[in-house]
């Protein structure tokens, strides 16, 4: 590694597994110190044990404004400031819209959209105090191009795309960049609701082989380097972008 993030102070949510964990591994390898927020204390403790003193963990309930505020304040105190906020936590529910209940709809928007608003709200003053910063929001290919069974999920992730674009313009005078990562199909347990909706693993893999120009899903390790780039000063002229990384689906 090349210490591209040497000295960077990073907060990330939803990072004890899958893409988020791979991003944390990359952040640490590139010289950053990281505070991870998640609801899974056991997995959080295991991550700290695996990666060492550059990482710490705080349990957070992203449905609670008070919890999010306390999480940001505690994390910033541990880090001694803030350079990068990564909002990666998310939930997925699939199903045709006529069968979709409002509880699941609200759960999607609570974690996928509302929590990102609140995380940014409480982190921005600390990023301003640092003189510059980067906010990285996780959206999805579904937020730019939906599909059957993903209407509610797509709506919540589309909100992230719009939020990212507008917030980037608002914060540009403060030299705070805001971008979104929009993964396509990634081979993680996170996609289990969509896999079940598509008829199971075998059916899903067949559909992906036909849909994705590269003919396969991504691994988490293939998505994580984009987070490292957006956290680094290498992306200092990039803001208001929602970057699709999907094996070619979006433009096919």
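Only the coordinates and a few stated rules stand behind these numbers; no lab work does. Bear in mind the structure is a predicted one, so any value in this text is a computation, not a measurement. Neighbour counts run over all protein chains shown; Cβ positions are idealised from the backbone, glycine included.
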Scattering profile of the chain from the Debye formula, Cα beads only, expressed as log10 I(q)/I(0) at q = 0.08, 0.10, 0.11 Å⁻¹, is -0.28, -0.45, -0.55
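Kindly put 51, 167 in sequence by how many other C-beta atoms sit within 10 Å of each C-beta, fewest to most. It would help to have the intermediate numbers written out before the result.
Values: 51 18, 167 21.
Fewest-to-most ranking of 51, 167: 51, 167.
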Debye-sum result for region 115-252 in log10 I(q)/I(0), which assumes one identical scatterer on each alpha carbon, at q = 0.20, 0.21, 0.22 Å⁻¹: -1.17, -1.25, -1.33
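What's the FRET efficiency of residue 70 with residue 206 using the Cβ-Cβ distance as r and R₀ = 41 Å, to the nearest 0.05?
Working: r = 46 Å, r/R0 = 1.11.
The formula returns an efficiency of 0.35 here.
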Most mobile listed residue (228, 136, 208) in the chain, GNM with C-alpha springs under 10 Å: 208
So what's the gap between the Cα centers of region 98-114 and region 125-194, to the nearest angstrom? 17 Å
Compute the distance in nm between two label points, each set 7 Å from the Cα along the Cα-to-Cβ direction, one at residue 214 and one at residue 2. 2.0 nm
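Within 10 Å of each residue's Cβ, count the other Cβ atoms and sort 174, 67 from fewest upward.
Values: 174 14, 67 18.
Ascending number of Cβ neighbours within 10 Å: 174, 67.
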Who wins for biggest fluctuation among 237, 122, 153 in a Gaussian network model of the chain, springs between alpha carbons below 10 Å? 237
Extension gain, residue 96 back to residue 166 (0.36 nm per residue minus Cα-Cα distance, nm): 22.2 nm
At 7 Å along the Cα-to-beta-carbon direction for both residue 42 and residue 130, put a label point, then send me their distance in nm to one decimal. 3.3 nm
With 10 Å bins from zero, work out the P(r) of region 12-63 over every alpha carbon pair and list the percent per bin. 29, 61, 10, 0
In Å, descending, principal axis extents of the Cα set of region 201-242: 41, 19, 14
Which one, 166, 120, 142, has the greatest fluctuation when you compute a Gaussian network model over the chain with C-alpha springs under 10 angstrom? 166
Taking alpha-carbon centroids only, region 64-83 lies from region 1-33 a number of Å equal to 17 Å
Helix 151-171 versus the longest principal axis of the chain: what angle, 0 to 90°, nearest 10, using Cα atoms? 30 degrees
Note the angle between two axes, namely the Cα long axis of helix 65-79 and the longest principal axis of the Cα atoms of the chain, as a number of degrees from 0 to 90, rounded to the nearest 10. 50 degrees
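R0 = 45 Å: FRET efficiency of residue 234 with residue 106, Cβ-based, nearest 0.05?
Numbers: r = 38 Å, r/R0 = 0.85.
Working from the Cβ atoms, E equals 0.75.
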Taking Cα atoms, the helix 41-51 axis meets the longest principal axis of the chain at an angle in degrees (rounded to 10) of 60 degrees
